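Chemist: Just passing along the structure, written as structure tokens.
The values are calculated or read from the model by the stated rules, or taken from the named source; none is laboratory data. The structure presented is a predicted model; accordingly, all values stated were derived computationally and were not measured. For neighbour counting, all protein chains shown are included, and Cβ atoms are generated from backbone atoms with ideal geometry for every residue, glycine included.
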């Protein structure tokens, strides 16, 4: 299919074209998660106290945040590749992990003494967080960018940035199983910094590779 024909098909949201691209995106997400998961299990692994951590609400809450981020970003990423397709609902969905994390931080500040705030925020794994999340995001980001090239994104930089957001959500989900810092203050500080690094790379790569 020529570029003009592909764009017209995506604009009109033809069922066959939509199904084909949805399959490509699903495959990219699955392959990216497989790459990130393989790297995680081979080189990083679960935290030592994982059997106890899975019974901890703060530990499990990290996955609620990271998975909601990944889900919303993947949905938005898919729609940005199809010109004329509404993106407002999925844009709003990106607020879900932000709101959840903000509420968790507020609860922590209300329920814990001020003397514990700084140690909770600093934690003991900030350097690992800033290193491992971007590292784990490399595979998912590459897969998503390749998938986006099968579409027709009209805003390549934004599309690449959202792909970075989705990739970092996948990466953060794996990293959360290794990170021993479960405090919302830590998660709200260091996870977004790591995510921002991947988003910046995604924006740069998208600007260069997604133009048509």
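Chemist: Residue pairs, Cβ under 8 Å, 6 or more apart or interchain, first in region 51-62 and at negative phi and assigned to a helix (DSSP H, G or I), second modelled with pLDDT of 95 or more and loosely packed, with under 13 Cβ neighbours inside 10 Å. List them.
Modeler: Correct list of pairs: 60/54.
Chemist: Next question, about the same structure. Looking only at helices (runs of 4 or more DSSP H) that fall completely inside region 98-197, which ones have 2 or more residues that are under 17 Å from residue 73 (Cα atoms)? Full working, then the answer.
Modeler: On the way: elements: 117-122, 126-148, 156-176.
Filter on region 98-197 gives 126-148, 156-176.
Chemist: Report the residue count in region 78-97 for those that are at pLDDT 95 or above, surrounded by 15 or more Cβ atoms within 10 Å (Cβ to Cβ) and not in a loop (DSSP other than H, G, I, E, B).
Modeler: Number of matching residues: 3.
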